[in-house]
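Single-structure report; data block below.
The values are calculated or read from the model by the stated rules, or taken from the named source; none is laboratory data. Given the structure is predicted, the values throughout are model-derived calculations rather than measurements. Neighbour counts are summed over all protein chains in view; Cβ atoms, including those assigned to glycine, are modelled from backbone coordinates with ideal geometry.
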Amino acid sequence: MSAYETVVGLEVHAQLKTRSKIFCCCSTTFGARPNTQVCPTCLGLPGVLPVLNERAVRFAVMTGLAVGSTVAERSVFARKNYFYPDLPKGYQISQYDRPLCVGGGVDIQVDGSTKRIGLVRIHLEEDAGKSIHPEGREGVTTTLVDLNRSGVPLIEIVSEPEIRSGAEAYDYLVRLKQTLVYLDVCDGNMEEGSLRCDANVSVRPKGRKEFGTKAEIKNMNSFRNVERAIAFETDRQIRILESGGRVVQETLLWNADQGVAEPMRSKEEAHDYRYFPEPDLLPLDLEPGWIDSVRRELPELPHQVRARLTSLGIPEYDAEVLTETRALSRYFEETASRAGNAKLASNWIMTEVNGIRNKQGQSIEEFPIRPDRLGSLVKMIAEGRISGKIGKQLFELMLTRAESPEELVKSQGLLPIDDEDSLRALAREVIAANPGPAAEVRAGKERTFAFLVGQAMKQSRGRAHPEKIQDALRKELEKA
Amino acid sequence: MSPEIVAQETAESIGRAVQSRERSAVDVARTFLDRAERTASRLGTYLHRDPAATLAMAADVDARLGAGETLGPLAGVPVALKDNLCAHGVPTTCGSRILEGYRPPYDASVVIRLRDAGAVFTGKTNCDEFAMGSSTENSAYHPTRNPWDLERVPGGSSGGSAATVAALEAPLALGSDTGGSVRQPAAFCGVYGLKPTYGAVSRYGLVAFASSLDQIGPLARTARDTALLYNAICGRDERDMTSRAEAKPIPVEELERGVRGMKLGIPRDLTAEGLDPEIRASLDGVAKALAEEGAEILDVTLPHARYSIATYYLIAPAEASSNLARYDGVRYGFRAKSEDLRSMYEATRGQGFGREVRRRILLGTYALSAGYYDAYYLRAMKVRTLIRKDFSDALERADAILLPTTPTPPFKLGEKVDDPLAMYLNDVFSIPASLAGAPALSFPTGMTRSGLPIGMQLVGRPFAEGTLLRIARTWERRNPDGLRVPPLAEGRA
């Protein structure tokens, strides 16, 4: 056991899924040609003024309410002044001493029990542009600036320093992202930068109350990298302390390729942001009635869906997996309602659907069998119209074909054998082909009966009705 | 020039003549362009003129009227724009080197409204760089001279707008007022200048100096003309979240209703010291005349107004330091030649901004810095709240406050350029209303013995611009020689 404790606070920037930017009408679509989604306002030209996007406010408030924050009836925008080539006004409009949301928390799982990571605040702000450093000629450094991202709405979600390991940070991020995606306020895509995370990391001897000196780590482009970076930084700081040194407060950049956090050049971090209230925007006043209406319209959140699923008899673990994304839980809900059997639907998604998706790296949206067809299939199995084995054959066929399972059953000759005559005929064939085992069963060796059932299923390529073939076999065995 | 002709040259009579098609907008434009041709270069009123574009605009107004379109009272009326107002494709420098060659790709909201109303732009008027100054000597290009005395300043920062109206180069002009930049030059040039209530006019497209104080305001030669221009630009604009629907056009006929029963407060505490004797005499004369018209004159106090200059010179530079951060030489305007990015930034800002602008950026940056914010910016904001309360208290007792616009008549060019503090003190009477966000009007009340204009100021309740103009109009009616024209405009100088 280490004698030290890691203390982590995370700052997550989430891009809100609004169609237009936070202070102008420009589109927020990702991937457009550089500097095509810009206007005088997001270019910061002389004389322009910001006009607040109401939808961005709504999305931020939804997030706050979903994580139990107190939504401020009055919050204030502030200018964060710093000079950077991709910041066209020379300041970022953000919130400072009066943020939109205060408090709240995110529940994570630690060793099988629930731990709440408190939130300090959630505030609204605009994104800056993007600096691009293309490979240039030898000795020539070129930087290009793309302002398509300038003015895209963000929320910054700041956690309390209550995270104690990289693994906890990972789980926190997974759950936070899940909430954002369920609310449909953020697409959660880290590669496209719609979710970004900075970590403040310090260590202290176990049992001590005071925090150690923290380092801020930036530039982590996946949840796994956040976990790795925190582990790396924890080790680094412990080594410094063990060797009698002192941790310096600094900003580090995570280098994922080499798995190390490297100091940023000090020039870039000595900021005095000179915050002051943004005079171009009035304080943001929200009617309590409006906040309540947003609360009433909140969609079902992941933990609420999970609770409902477990009440249907679905195991905790499965409920966890099925609620991973809103799309997956919707897929499940539709399948289950079609099938009329939630548990069986869950089994099929957990094993068959996810098995193939994991192998092929498919999202649930891309999966070729939609819930209506899977639901029909599960329904046929649930009602005993086909066996699970036939169901699997059908499932394989459905992956590449568009027909319904009912149509496929017919066209592929997979119709179950469940009429008395056919079953009796099948039973007779099996008994005739296996005289030895048949004799054993007649002599009372019950275990061999299963063998005969298996042979019948094999012979019928799984089409024989699993219970009725047993009856048929018994009856035929008694006859002879 | 006879008083009759001068009177015909009001915006009101021009608009009426153009609307009724007695006179073409092109003819009006030619008249004013010719006059500007004779005087503008001597006065230094403009930074950019394009007579062809002005005539084309006028021709368009005639065509619209010809096609049966109904235009308002500003149809065919020439209007000058201060050079910190953006008009699509028209050079906009704010009197600064750093915006040399910059042409905005969009129109300010006031510009859109004036185009729609059929106004015709005469050009972009000179001003102190980024509206920082009280004499128009801080323009990076050239100073503007006072039409009444070419050795003297026209005031500032909207000196070009005030001078162009005084010299009859345009019947109307827009300026911007942050601490007095419409009112003080109006007083120095003998014209009307209105700083509307903060939020009454959209700031969209006004290049920002101090965003919580900036307001665009009209300059004109009569009270009624001032109302007409105000009416065309006031009101809520969805592009400016600080603009307000309470700002409504003023029915011009209401300006004729006199002041009987109105209460006018004079802040004796503020005007006790440092006032030029001729200005004091004018203040007393105006108070007496308005009392004769039936107004009640009473004393009011503005106990915190004496902290106005200190407060203003923390808040305005703080906001300016942030507003002016965007000028880096990369995307538009002036760029200094340099070896690398960082030194390019430094050289661009060092060479592109003038002395006064650099001074205020430094002041403002300092006032907002960690460790100083509470002592400077935050405290200034608290005092501002007290000043605002002073006004609302005083305006509970009085319908308007009457005080001089400036402590002295126009000073000479060069007289105060090396003494920023003396220059700042010239705004002692105009800054308090700016901090309070209250509407304030400067109107011409006479001339000094040496022939320099004097202006008095009226400050009112929020959105009571009409009340201020009504009081000024009452004074104007008693003084039919009020429409005075400088000798230069008559071709005598």
query: When both residues are 6+ apart or on different chains and their Cβ atoms are under 6 Å apart, which pairs have a first residue that lies in segment A:271-285 and is more than 15 Å from B:Ala320 (Cβ to Cβ) and more than 7 Å from chain B (Cβ to nearest Cβ), and a second that is of a type in the set (Lys, Arg) and assigned to a strand (DSSP E or B)?
result: A:Tyr273/A:Lys80; A:Tyr275/A:Lys80; A:Pro283/A:Arg74; A:Asp285/A:Arg74
- request: Can you give me the number of residues within segment A:34-91 that are in contact (Cβ under 8 Å) with a residue 24 or more places away in the chain, away from chain B (no Cβ under 11 Å) and not hydrophobic (A, V, I, L, M, F, W, C)?
  value: 14
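Yes/no matrix, rows are residues, columns are (1) of a type in the set (S, T, N, Q); (2) without any contact (Cβ under 8 Å) to a residue 24 or more places away in the chain; (3) on the phi > 0 side of the Ramachandran plot:
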| site | (1), (2), (3) |
| --- | --- |
| A:Val294 | no, no, no |
| A:Gly313 | no, no, yes |
| A:Arg326 | no, no, no |
| A:Ser387 | yes, no, no |
| A:Phe395 | no, no, no |
| A:Arg401 | no, yes, no |
For A:Asp171: the one exception among (1) assigned to a strand (DSSP E or B); (2) within 15 Å of A:Glu11 (Cα to Cα); (3) not hydroxyl-bearing (Ser, Thr, Tyr): (1)
- prompt: Any chance segment B:307-325 includes a residue that's free of Cβ contacts under 8 Å to residues at least 24 places away in the same chain, within 14 Å of another protein chain (Cβ to nearest Cβ) and closer than 27 Å to A:Thr142 by Cα?
  reply: yes
message: Out of the residues in segment A:171-216 meeting the condition of being buried (at least 19 other Cβ atoms within 10 Å of the Cβ) and aromatic (Phe, Trp, Tyr), tell me which one is modelled with the lowest pLDDT.
response: A:Tyr182
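Against the condition buried (at least 17 other Cβ atoms within 10 Å of the Cβ) and not in a loop (DSSP other than H, G, I, E, B), how does A:Lys359 come out, does it pass? Can you show your working first?
Values: buried (at least 17 other Cβ atoms within 10 Å of the Cβ): no; not in a loop (DSSP other than H, G, I, E, B): yes.
Answer is no for this residue.
Residue-wise test of (1) within 30 Å of B:Val110 (Cα to Cα); (2) more than 11 Å from every other protein chain (Cβ to nearest Cβ); (3) touching a strand residue (DSSP E or B) at 6+ places or on another chain (Cβ under 9 Å).
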position: A:Thr6; (1), (2), (3): no, yes, yes
position: A:Ala14; (1), (2), (3): no, yes, yes
position: A:Ile22; (1), (2), (3): yes, yes, yes
position: A:Thr29; (1), (2), (3): no, yes, no
position: A:Ala32; (1), (2), (3): no, yes, no
position: A:Ser94; (1), (2), (3): yes, yes, yes
position: A:Val106; (1), (2), (3): no, yes, yes
position: A:Asp111; (1), (2), (3): no, yes, no
query: Can you pull out the residues in segment B:244-280 that are surrounded by 15 or more Cβ atoms within 10 Å (Cβ to Cβ) and small (Gly, Ala, Ser)?
result: B:Ala247, B:Gly258, B:Gly265
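Please tell me if A:Glu403 is out of contact with any Asp or Glu (no Cβ under 9 Å at 6 or more places or on another chain) and in the same structural domain as A:Met350 (by TED's automatic domain parsing).
The answer is yes for A:Glu403.
Of the residues that sit in segment A:385-413 and are assigned to a helix (DSSP H, G or I) and of a type in the set (S, T, N, Q), which one is surrounded by the fewest Cβ atoms within 10 Å (Cβ to Cβ)? Show your work before the answer.
Looking only at segment A:385-413, we keep the residues that are assigned to a helix (DSSP H, G or I), and these are A:388-400, A:405-411.
Remaining after also requiring of a type in the set (S, T, N, Q): A:393, A:400, A:411.
On the way: A:Gln393: 18, A:Thr400: 7, A:Ser411: 11.
Once the filter is applied, the top-ranked residue is A:Thr400.
Every residue, every condition in (1) within 26 Å of B:His304 (Cα to Cα); (2) of a type in the set (Gly, Ala, Ser); (3) assigned to a helix (DSSP H, G or I), yes or no:
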site	(1), (2), (3)
B:Glu346	no, no, yes
B:Gly350	no, yes, yes
B:Arg358	no, no, yes
B:Tyr372	yes, no, no
B:Met381	yes, no, yes
- prompt: Can A:Ser150 be described as within 14 Å of another protein chain (Cβ to nearest Cβ), in a strand (DSSP E or B), closer than 30 Å to A:Pro46 by Cα and not hydrophobic (A, V, I, L, M, F, W, C)?
  reply: no
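Select, from A:Val158, A:Val226, the only residue that is part of a strand (DSSP E or B), assigned by TED's automatic domain parsing to the domain that holds A:Asn255 and among the β-branched types (Val, Ile, Thr).
Numbers: A:Val226 fails: part of a strand (DSSP E or B).
Of A:Val158, A:Val226, the one residue that is part of a strand (DSSP E or B), assigned by TED's automatic domain parsing to the domain that holds A:Asn255 and among the β-branched types (Val, Ile, Thr) is A:Val158.
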- request: List the number of the failed condition for B:Arg239; all other conditions in (1) modelled with pLDDT of 95 or more; (2) within 30 Å of B:Arg359 (Cβ to Cβ); (3) within 12 Å of chain A (Cβ to nearest Cβ) hold.
  value: (2)
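Looking only at residues that are free of Cβ contacts under 8 Å to residues at least 24 places away in the same chain and surrounded by fewer than 12 Cβ atoms within 10 Å (Cβ to Cβ) in segment A:414-432, which one is nearest to the chain's Cα centre (by Cα)?
The first filter runs over segment A:414-432 and keeps only residues free of Cβ contacts under 8 Å to residues at least 24 places away in the same chain, leaving A:419, A:421-422, A:425, A:432.
Right, trim to surrounded by fewer than 12 Cβ atoms within 10 Å (Cβ to Cβ) and you get A:419, A:421, A:432.
Working: A:Asp419: 48, A:Asp421: 52, A:Ala432: 57 Å.
Taking the candidates together, the pick is A:Asp419.
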task: Go through segment B:453-477 and give me each residue that's surrounded by fewer than 22 Cβ atoms within 10 Å (Cβ to Cβ) and of a type in the set (A, V, I, L, M).
output: B:Ala464
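Results for (1) touching a residue at least 40 places away in the same chain (Cβ under 8 Å); (2) in a helix (DSSP H, G or I); (3) not charged (D, E, K, R), shown as yes or no for each residue.
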{"position": "B:Thr385", "(1), (2), (3)": "no, yes, yes"}
{"position": "B:Arg388", "(1), (2), (3)": "yes, yes, no"}
{"position": "B:Glu396", "(1), (2), (3)": "no, yes, no"}
{"position": "B:Thr408", "(1), (2), (3)": "yes, no, yes"}
{"position": "B:Lys416", "(1), (2), (3)": "yes, no, no"}
{"position": "B:Ser442", "(1), (2), (3)": "yes, no, yes"}
{"position": "B:Met456", "(1), (2), (3)": "yes, no, yes"}
{"position": "B:Pro462", "(1), (2), (3)": "yes, no, yes"}
{"position": "B:Arg473", "(1), (2), (3)": "yes, yes, no"}
task: Considering only segment B:353-384, state which residues are within 13 Å of chain A (Cβ to nearest Cβ) and touching a Ser or Thr at 6+ places or on another chain (Cβ under 6 Å).
output: B:Ile361, B:Gly364, B:Thr365, B:Ala380, B:Arg384
- request: Filter segment A:47-77 for residues that are in contact with a helix residue (DSSP H, G or I) (Cβ under 7 Å, 6 or more places away or on another chain) and farther than 15 Å from A:Ile22 by Cβ and give the result.
  value: A:Met62, A:Leu65, A:Ala66, A:Val67, A:Val71, A:Glu73
message: under 11 Å from the mean Cα position of the chain (by Cα), among the hydroxyl-bearing types (Ser, Thr, Tyr) and either more than 30 Å from B:Ala25 (Cα to Cα) or surrounded by 24 or more Cβ atoms within 10 Å (Cβ to Cβ) (or both): which single residue out of B:Ser139, B:Ser158, B:Ser135 fits that description?
response: B:Ser158
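Out of segment A:110-125, which residues are basic (Lys, Arg) and touching a helix residue (DSSP H, G or I) at 6+ places or on another chain (Cβ under 7 Å)? Break it down into steps so the answer makes sense when it comes.
Within segment A:110-125, the subset basic (Lys, Arg) is A:115-116, A:121.
Residues satisfying the conditions do not exist here.
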task: Exactly one condition in (1) away from chain A (no Cβ under 13 Å); (2) over 22 Å from A:Tyr82 (Cα atoms); (3) without any contact (Cβ under 8 Å) to a residue 40 or more places away in the chain is not met by B:His304; state its number.
output: (3)
message: Can you find, within segment B:102-127, the residue that is nearest to the other protein chains (Cβ to nearest Cβ) among those that are under 16 Å from B:Gly89 (Cβ atoms) and assigned to a helix (DSSP H, G or I)?
response: B:Val111
- line: Expected single match for modelled with pLDDT under 95 and of a type in the set (Lys, Arg) among B:Arg35, B:Arg49, B:Arg30 is B:Arg35
